[in-house]
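Trainee: Just dropping this structure here.
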Amino acid sequence: MTNPFHDRLVVPQIDDNLTQEEIARWVKPFYMSRPSDAKSIGGLRILYSDIDEGLAHRLLSLQNWRPRVAGAYFAAIKNLVGLQDQIGKLLLRSDLVYAGATYCLALASFNTPASRQTLRDYLDYYLTTPDNWYDQGEAMGALTYLDGLNGTQDAADYLERWQAFVANKPGWNLGDFVADVTQTMNDINSLGDKLSRPPVTQLSLLQGDITRQTVDALVNAANPTLSGGGGVDAAIHRAGGSKILMECQQILNERGPLEPGQAVSTTGGKLKARRVIHTVGPVWQGGQQGEPELLASCYQKSLWTAYSEGLSSLAFPCISAGAYGYPAKLAAEVAVRNVRTFVREHPGLDEVRFVVFGDRHYQLYQQVLQDQGENALPCE
Ligand code: ADP
């Protein structure tokens with residue numbers, strides 16, 4: 001039987017190429033990973049409002065499968081139902097333009113009569129071609145998932161054909177496909193909710209030990225050689241173990257000492273935090289040697305690192321206010337001002353926590369937060 005969908009598809013239109021910049025922006029971060037992966041979320045936070053039907057349509061129109069995968073994910077996350085016909089055609093021409101798994105997910109996310117019919121049309125033909133090891137599993141998974149959602153029995157019509165189709169395909173287990181599609185659909189739904197919600201970043205203040213915080217990342221007041229040292233730096237390395245130091249040494253070998261105002265990230269090792277962001281504060285020399293700008297840069301670069309890695313929460317110590325001698329009140333002012341500005345301009349972080357040692361620093365931060373109009377929540 002020849003493919004009955006031959007005349008349905010006009011794509012791909014290879015003349016509409018993407019620029020290198022667009023590939024870096026829209027394709028590379030997304031085509032390999034699920035949209036729920038941390039890295040994708042970080043990228044999506046930045047790009048979410050720029051994703052629209054026009055962009056997804058363009059990505060889906062290309063010959064290369066990578067942009068098409070990104071386009072289908074964007075369509076699913078943003079529920080771009082207007083693209084269901086285009087995506088349906090791509091799926092039905094899996095002999096020409098594979099990467100059908102993501103089309104199945106997009107069609108499942110639309111959950112319209114037409115999108116469900118496309119999944120059925122696909123199975124009607126592609127379950128009869130046992131030599132085409134395409135995305136029949138995802139299509140069955142998607143239909144079964146939709147049956148659960150809609151109280152329908154569509155997948156039952158295909159079970160017999162499915163059994164025959166998978167007879168020579170070890171590892172093609174329907175239960176696995178259904179579980180996988182269900183998990184991904186749940187991720188897509190919660191991601192869409194999360195990204196479309198008006199974002200509010202909670203600033204909070206805590207007196208205590210930063211190494212014990214349950215946040216995605218701790219910021220470390222490091223020294224340029226990233227070698228541990230004293231104060232908060234020593235505490236973080238002690239609690240996080242040698243893995244952090246090994247990564248620090250690798251970074252040092254690659255790029256040399258870290259200049260004041262810069263930030264790099266490593267694993268969190270044994271800490272509860274997944275990541276540690278190491279930043280080097282300025283040494284206080286009276287305030288006329290660029291110290292405020294360098295300290296501001298520590299906060300900005302650390303926040304940017306967390307944001308672009310897709311992290312949701314982070315904790316800062318009072319950078320430079322220990323051994324580096326920065327007056328604590330001035331340091332707290334720089335900290336709060338820069339965090340406030342950043343989160344206003346980059347919505348999406350859930351929480352930024354200031355963690356300080358001692359009553360005096362706690363009261364200073366309270367005062368500064370109040371002065372800058374911030375209702376910071378004290379946290380346990
Ligand atoms: P810097 O060299 O940048 O001055 P320090 O580590 O000497 O960094 O001190 C920075 C701030 O961190 C100081 O206010 C210090 O009291 C505080 N600090 C030290 N250890 C911890 C810790 N475990 N948790 C939270 N804050 C800490």
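Trainee: Within the range 48-73, which residues are closer than 15 Å to ASP193 by Cα and free of Cβ contacts under 8 Å to residues at least 24 places away in the same chain?
Mentor: SER49, the sole residue that qualifies.
Trainee: Something else now. Among the residues that make up the range 293-305, is at least one of them assigned to a strand (DSSP E or B), of a type outside the set (Asp, Glu) and under 20 Å from ILE236 (Cα atoms)?
Mentor: no
Trainee: Now, a different point. Taking ALA114 as the residue in question, decide whether it is assigned to a helix (DSSP H, G or I), closer than 17 Å to ALA72 by Cβ, in the same structural domain as HIS57 (by TED's automatic domain parsing) and under 28 Å from the mean Cα position of the chain (by Cα).
Mentor: So ALA114 does not fit the description; no.
Trainee: When the residues of the range 326-357 are narrowed to those that are in a loop (DSSP other than H, G, I, E, B) and within 7 Å of the ligand (Cβ to nearest atom), which ends up modelled with the lowest pLDDT?
Mentor: PHE357
Trainee: Quick one: which of THR152, THR184 is hydroxyl-bearing (Ser, Thr, Tyr) and outside any helix (DSSP H, G or I)?
Mentor: THR152
Trainee: Filter the range 117-130 for residues that are in contact (Cβ under 8 Å) with a residue 24 or more places away in the chain, polar (S, T, N, Q) and in a helix (DSSP H, G or I) and give the result.
Mentor: Hit for the range 117-130 is THR118, nothing else.
Trainee: What number of residues in the range 77-111 are within 19 Å of THR184 (Cβ to Cβ), aliphatic (A, V, I, L, M), at pLDDT below 90 and in a loop (DSSP other than H, G, I, E, B)?
Mentor: 1
Trainee: Are any residues in the range 253-281 assigned to a strand (DSSP E or B) and more than 15 Å from the ligand (Cβ to nearest atom), and if so, which ones?
Mentor: Within the range 253-281, VAL264, SER265, THR266, THR267, ARG275 meet the criteria.
Trainee: Looking at CYS318, CYS298 in this structure, which one is within 13 Å of the ligand (Cβ to nearest atom), over 30 Å from LEU195 (Cβ atoms) and surrounded by 20 or more Cβ atoms within 10 Å (Cβ to Cβ)?
Mentor: That would be CYS318, the only listed residue that is within 13 Å of the ligand (Cβ to nearest atom), over 30 Å from LEU195 (Cβ atoms) and surrounded by 20 or more Cβ atoms within 10 Å (Cβ to Cβ).
The values are calculated or read from the model by the stated rules, or taken from the named source; none is laboratory data. Because the structure is a prediction, the values reported are computed rather than measured. Please note: Cβ atoms are built from the backbone with ideal geometry, for glycine as well, and neighbour counts cover all protein chains shown.
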